[in-house]
Amino acid sequence: MPKQDDTPKQVIDSYRKRRGDQGQNWQTILIFIVATLLLIAGTGFLVFWLTGTEFSIGTIFPSDTPTPTSTPTPTPVTPTATPSPTATIVVPTDTPTVTLTPTRSSAVIYVAQEGDSLYAIAEQFEVDLFTLIVVNRDREDFALDPVNPFIRVGDEILIPAPGEEIPPATPIPLDAPAGMLVAYTVRPGDSVQSVALNLRSTPEDIFARNEFIEEDQEGLLFVGQIINVRVNLVTAVPTEEGQDEGETPQNTPGSISTLTPTPSP
């Protein structure tokens, strides 16, 4: 603090001296701080060099905005067992598989398809061909011609009931009037000669009574066809040895539709 008797010059010099002392004190403190920092830095460099640790300025002076880096962590995958296909051995059995097929119990109508024939239809439904022709010959809505037994697609064919057959032929009695006219239905295997022999007629008379039978075709007959035959025009064949007297020969393959006596001319 200046004294009252000090001159202005002494006061100014005293103030300047105090300012100089304060400046030297700050310089000394600053030098000490810098020396301390250098000492710490030198010690750090020495430690990094001795330990072999990689030194980076970024580790001392990090950036203002650090960028996070995601490091993928491997996830262990547990192995799973994959099943392999195993062959299955099928042991054959001796027992066949039974397939049930509905059985017809009555007559049915069958619509003809492409490629059908009466023979094929008879086999398909397991019916007698002769019976199939006869039952369709006498129908009003579908008159089958035995001479030309062709069918067309869409024709309605009557299939007889299972087991249905045309009754066997009725034998002509030996004492029937000679020349009696009967309507005979041709069966499988018949011919003009066999019909004449069985009904005790003649081929010539059968040709004469049935102009539609052509002689040049050896008297070809068709199954289911109806022909007119006069019976008992010839004498019956004598009985063979061992045959009972009065026994009627059983060789009549045809069937008799009508038995109407007709006076001979």
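The values are calculated or read from the model by the stated rules, or taken from the named source; none is laboratory data. Predicted, not measured: the structure shown is a model, and the values here were computed from it. In this analysis, Cβ positions are derived from the backbone assuming ideal geometry, glycine residues included, and neighbour counts consider all displayed protein chains. Side chains are part of the model used for accessible areas, which takes the heavy atoms of the whole protein and leaves out ligands, DNA and RNA. Shrake-Rupley method; radii C 1.70, N 1.55, O 1.52, S 1.80 Å.
Here is how the numbers come out for the structure above:
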quantity	calculated
Residues satisfying the stated conditions in region 167-225, i.e. open to solvent by 40 Å² or more (accessible area, probe 1.4 Å) and aliphatic (A, V, I, L, M)	LEU174, ALA178, LEU181, LEU197, ALA208, LEU220, VAL223
Subset of region 165-181 [out of contact with any helix residue (DSSP H, G or I) (no Cβ under 6 Å at 6 or more places or on another chain) and either under 14 Å from LEU118 (Cβ atoms) or not small (Gly, Ala, Ser) (or both)]	PRO167, PRO168, THR170, PRO171, ILE172, PRO173, LEU174, ASP175, PRO177, MET180, LEU181
Restricting region 161-194 to residues that are of a type in the set (A, V, I, L, M, F, W, C) and under 54 Å from the mean Cα position of the chain (by Cα), the residue that is nearest to SER105 (Cα to Cα)	ALA161
Given (1) exposed (fewer than 14 other Cβ atoms within 10 Å of the Cβ); (2) among the polar types (S, T, N, Q); (3) closer than 22 Å to ASP138 by Cβ; (4) modelled with pLDDT under 65, index of the condition SER264 fails	(3)
Residue match in region 144-156 (condition: under 30 Å from VAL229 (Cα atoms) and basic (Lys, Arg))	no
Per-region count, region 125-155, residues more than 22 Å from THR103 (Cβ to Cβ) and open to solvent by 60 Å² or more (accessible area, probe 1.4 Å)	10
Number of the exception - ASP175 against (1) under 18 Å from VAL223 (Cβ atoms); (2) without any contact (Cβ under 8 Å) to a residue 12 or more places away in the chain	(1)
